[in-house]
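Notes follow the structure.
The values are calculated or read from the model by the stated rules, or taken from the named source; none is laboratory data. For clarity, every value in this text was computed on a predicted model and none was experimentally measured. Every residue, glycine as well, gets a Cβ built from its backbone with ideal geometry; the counts of neighbours run over all protein chains shown.
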Amino acid sequence: MEAGGEKSTYVGNIILSIFPTTCMTAMVKVVLGFEQNALGVGWDSTTLDYKKYTVLTGLIMMVVSFSFWTLLGLYFEQVLPREFGRR
């Protein structure tokens, strides 16, 4: 299953979008689909659905995934042992 694919579901796309690369790929597919249909991407088209994904969903998931991965990295920095340095 790939985000923004033919067989994917909306919820599946959101779950896969926690990975930034998958999220960006899905957003590029939406933008390319809009450009092929001569619609373009603007503030009025951010909520338009293309293959069960929207630009707004992608933007929101980019912020969510950035926050998630940053917090996870900060957590691991505190709990994983280091060879050098103090704890």
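Every condition in (1) under 16 Å from THR9 (Cα atoms); (2) more than 12 Å from the chain's Cα centre (by Cα); (3) assigned to a helix (DSSP H, G or I) is met by GLY58 except one, and the failing one is (2). Residues in segment 61-87 that are part of a helix (DSSP H, G or I) and either free of Cβ contacts under 8 Å to residues at least 24 places away in the same chain or loosely packed, with under 10 Cβ neighbours inside 10 Å (or both): VAL63, SER67, THR70, LEU71, LEU72, GLY73, LEU74, TYR75, PHE76, GLU77, GLN78, VAL79.
Pick from segment 20-42 the residues that are among the polar types (S, T, N, Q) and under 29 Å from THR70 (Cα atoms): which of them is surrounded by the fewest Cβ atoms within 10 Å (Cβ to Cβ)? Among them, the one singled out is THR21.
For (1) in contact with a Cys (Cβ under 9 Å, 6 or more places away or on another chain); (2) modelled with pLDDT of 90 or more; (3) within 22 Å of VAL63 (Cβ to Cβ), each residue gets a yes or a no:
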site: GLU2; (1), (2), (3): no, no, yes
site: GLY5; (1), (2), (3): no, no, no
site: ILE15; (1), (2), (3): no, no, yes
site: MET24; (1), (2), (3): no, yes, yes
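Residue under question is SER17, and the condition is that it be surrounded by 16 or more Cβ atoms within 10 Å (Cβ to Cβ) and among the polar types (S, T, N, Q); does it hold? When the stated conditions are applied, SER17 passes them.
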